[in-house]
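Here is the structure we will look at, set down as structure tokens.
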Amino acid sequence: MIPYGFHDIGEDDIKAVVKTLQSGWITQGTKTGEFEEALADYCGASYAVVFSSGTAALHGAYAAAGLGSGDEFITTPMTFAATANAGVFLGANPVFADIESDTGNIDAAAAASLITNKTKLIAAVDYAGHPFDGKALFEASVKHGIIIVEDACHALGALSMADDGSWKRTGSCLYCHMAVFSFHPVKSITTGEGGAVLTNDKVLYDKLKMFGHHGITKSMDDFQYTPDGPWYYEMQTLGYNYRMTDFQAALGISQLKKLDRFIERRRDIACFYDNAFRGNRYFDIPIERDYAKSAYHLYPIRLKDEYKDYKRLIFSQLRERGIGVQCHYIPVTHHPFYRSRGYTAHCPNTDDFYSRQISIPIFPGMTDDNTHLVRDKLIEAFNGAK
Ligand SMILES: Cc1ncc(COP(=O)(O)O)c(C=O)c1O
């Protein structure tokens with residue numbers, strides 16, 4: 001089976017992990033700090049804080065934004081459930097905005113129209129690695145004093161164009177207050193499980209740091225009470241143990257050095273698929289807006305009207321033929337947890353997108369033989385569908 005996504009671990013990564021395992025510091029050593037610096041440097045942000053997963057990182061970002069009980073946050077149903085769940089952890093209520101029918105990203109106008117005086121933040125997902133259209137949403141959010149969290153779990157290594165025409169990396173927080181990454185194995189780089197939040201705001205950074213470390217500070221300057229001994233530290237807020245281990249961070253540092261090559265290969269594969277499938281009669285290929293260069297975490301195809309009723313058949317046939325297709329995503333509002341809380345979908349573009357969407361394999365380790373096989377099996381499955 002050629003999976004839809006797969007990690008790329010080399011000898012260099014293995015050596016880096018082993019070296020850290022043998023160093024005596026497997027957690028709370030220097031590697032997480034080094035990884036944070038490398039991430040912030042790469043993305044062009046002032047600060048990075050690593051977490052034990054992308055979900056933990058989202059939880060931290062929403063908490064740092066002050067999201068709490070009874071607040072509303074606007075997000076998209078076309079995402080992994082964690083984007084919404086992390087706000088529910090804090091007692092807040094998600095409000096779902098519809099998507100653009102081609103990119104699958106949150107529709108900025110739809111999101112802006114849902115802002116009320118209860119809205120605390122907007123969580124915009126860079127679906128499939130394509131940066132969301134941040135400018136309009138960012139301007140609306142600043143006007144209303146709302147925090148934007150970019151769920152960039154798919155988009156490490158993507159680029160967005162700034163007003164002056166220069167390209168900015170996702171994570172530089174061009175159009176958000178915080179950007180969140182995941183390092184799950186199918187993502188741009190991996191640490192096994194892992195995540196990070198990037199920001200340019202020192203106040204948010206300090207909150208993020210404490211949130212993932214039990215709400216504890218060891219910094220004398222920040223103490224609220226006089227230390228009663230050299231062992232002294234303070235737990236000032238309710239926090240979690242969301243730390244990344246040092247051997248995971250060592251893997252992350254090693255992987256980050258190869259990120260550009262990984263993204264280049266992903267973009268080459270996307271280009272191959274674009275050329276192979278452009279203008280075909282069965283499905284639409286992903287688009288890239290002028291302001292964006294996608295990290296191509298996924299290559300989502302959208303079945304045309306005449307073929308969308310064949311989604312189940314095509315999907316099963318491709319799996320039977322060794323092509324590990326996947327569907328991204330079952331809209332969050334379709335899950336029983338959200339249905340039971342009354343979140344019936346009012347997002348026609350999302351439902352339509354779901355009825356057509358299939359992700360075909362794309363990952364840096366794919367060979368040309370693999371991509372040719374995917375092309376041939378895909379066309380074969382559609383040819384035989386009717
Ligand atoms: C858009 C999105 N947000 C959040 C997450 C959660 O990340 P993690 O699996 O690292 O907790 C994922 C992971 O699949 C994701 O795709």
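The values are calculated or read from the model by the stated rules, or taken from the named source; none is laboratory data. Just so it is clear, the structure is predicted and the values come from calculations on it, not from any experiment. Cβ atoms come from the backbone with ideal geometry, glycine included; neighbour counts cover every protein chain shown. What goes into the accessible areas is simple: the full protein's heavy atoms, side chains included, and nothing from ligands, DNA or RNA. Shrake-Rupley method; radii C 1.70, N 1.55, O 1.52, S 1.80 Å.
Annotations
- Straight-distance crosslink candidates among lysines, where the alpha carbon sits under 19 Å from LYS15 and sequence neighbours closer than 8 are dropped: LYS31, LYS257, LYS258
- In the chain, the DSSP-assigned H stretches of four residues or longer account for a calculated mean residue ellipticity at 222 nm of -10500 deg cm²/dmol, using -39500 (n - 2.57) per stretch and the full residue count as denominator.
- Across segment 166-321, the mean sequence separation of Cα contacts (distance under 8 Å, 6 or more residues apart), normalised by length, yields a relative contact order of 16 percent.
- To the nearest ten degrees, helix 202-211 and the longest principal axis of the Cα atoms of the chain are 90 degrees apart.
- Loop-resident trypsin sites (Lys or Arg not before Pro) (DSSP state other than H, G, I, E or B) in segment 35-140 with no more than 16 further Cβ atoms inside 10 Å of their Cβ: LYS118.
- Rounded FRET efficiency, nearest 0.05, which uses the C-beta distance separating THR344 from VAL18 and R0 of 51 Å: 0.50
- Taking amide H as placed 1.01 Å from N in the peptide plane, the amide H of PHE283 sits under 5 Å from that of LYS304, each at least 5 places away or on another chain.
- The amide H of GLU234, built 1.01 Å from its N in the peptide plane, has THR217 as neighbours under 5 Å, considering only residues 5 or more places off or on other chains.
- Acute angle (nearest 10 degrees) that the helix 368-383 long axis makes with the longest principal axis of the chain, alpha-carbon atoms: 50 degrees
- Computed with every protein chain present, the accessible area of VAL18 is close to 60 Å² [probe 1.4 Å].
- If R0 equals 51 Å, the separation of the Cβ atoms of ILE9 and TYR225 corresponds to a calculated FRET efficiency of about 0.65.
- Residues listed by number, segment 308-344, amide nitrogen under 16 Å from LYS118 label point at 7 Å toward C-beta: 341-344
- Counting only protein heavy atoms and using a 1.4 Å probe, the accessible area of THR83 comes to about 0 Å².
- Cα-based shape type of segment 259-383, given that a ≥ b ≥ c are square roots of the gyration tensor eigenvalues and the cut on a/c is 1.5: prolate
- Summary of packing: across the peptides 354-366, 149-161, the per-residue average of other C-beta atoms within 10 Å ranks them, highest first, as 149-161, 354-366.
- Taking the chain and dividing mean pair separation by its residue count, relative contact order in percent (alpha carbons under 8 Å, at least six apart): 23 percent
- The chain, dipole about Cα centre (Lys/Arg Cβ +1, Asp/Glu Cβ -1), debye to the nearest 20: 760 debye
- If both residues of a DSSP beta bridge must be in the chain, then about 60% of such bridges are antiparallel.
- Using only side-chain charges placed at the Cβ, +1 for Lys and Arg and -1 for Asp and Glu, the dipole size of segment 1-53 relative to its Cα centre rounds to 200 debye.
- For the chain, the longest principal axis of the alpha carbon atoms and the long axis of helix 246-256 meet at an angle near 50°.
- Computed with a 1.4 Å probe over protein heavy atoms only, the accessible surface of segment 1-117 comes to 40 Å² per residue.
- Ranked order, MET210, MET244 - accessible area, probe 1.4 Å, largest first: MET210, MET244
- Dipole-positive endmost among GLN224, HIS7, LEU318 within the chain (Cβ charges, Cα centre): LEU318
- Where a label projected 7 Å from the Cα of ALA276 along Cα→Cβ would reach, residues of segment 242-266 with amide N under 17 Å: 265-266
- Relative contact order [Cα under 8 Å, 6+ residues apart], segment 128-230, whole percent: 19 percent
- Lysines with Cα under 24 Å of LYS386, excluding same-chain neighbours fewer than 8 positions away: LYS304, LYS308, LYS311, LYS377
- Listed residues HIS334, GLY165, PHE262: farthest to the positive end of the dipole of the chain (Cβ charges): HIS334
- For segment 163-321, a crude dipole built from +1 on the beta carbon of Lys and Arg and -1 on the beta carbon of Asp and Glu, taken about the Cα centre, is about 860 debye to the nearest 20.
- List LEU313, LEU208, ordered by accessible area with a 1.4 Å probe, largest first: LEU313, LEU208
- Considering only GLY252, VAL197, ASN105, the residue lying farthest towards the positive end of the dipole of the chain is ASN105, judged by Cα position with unit charges set on Cβ.
- Share of carbon and sulfur in the accessible heavy-atom surface of the chain [1.4 Å probe, %]: 52 percent
- Kirkwood estimate for the chain, i.e. one over the average of 1/r between Cα atoms, Å: 21.6 Å
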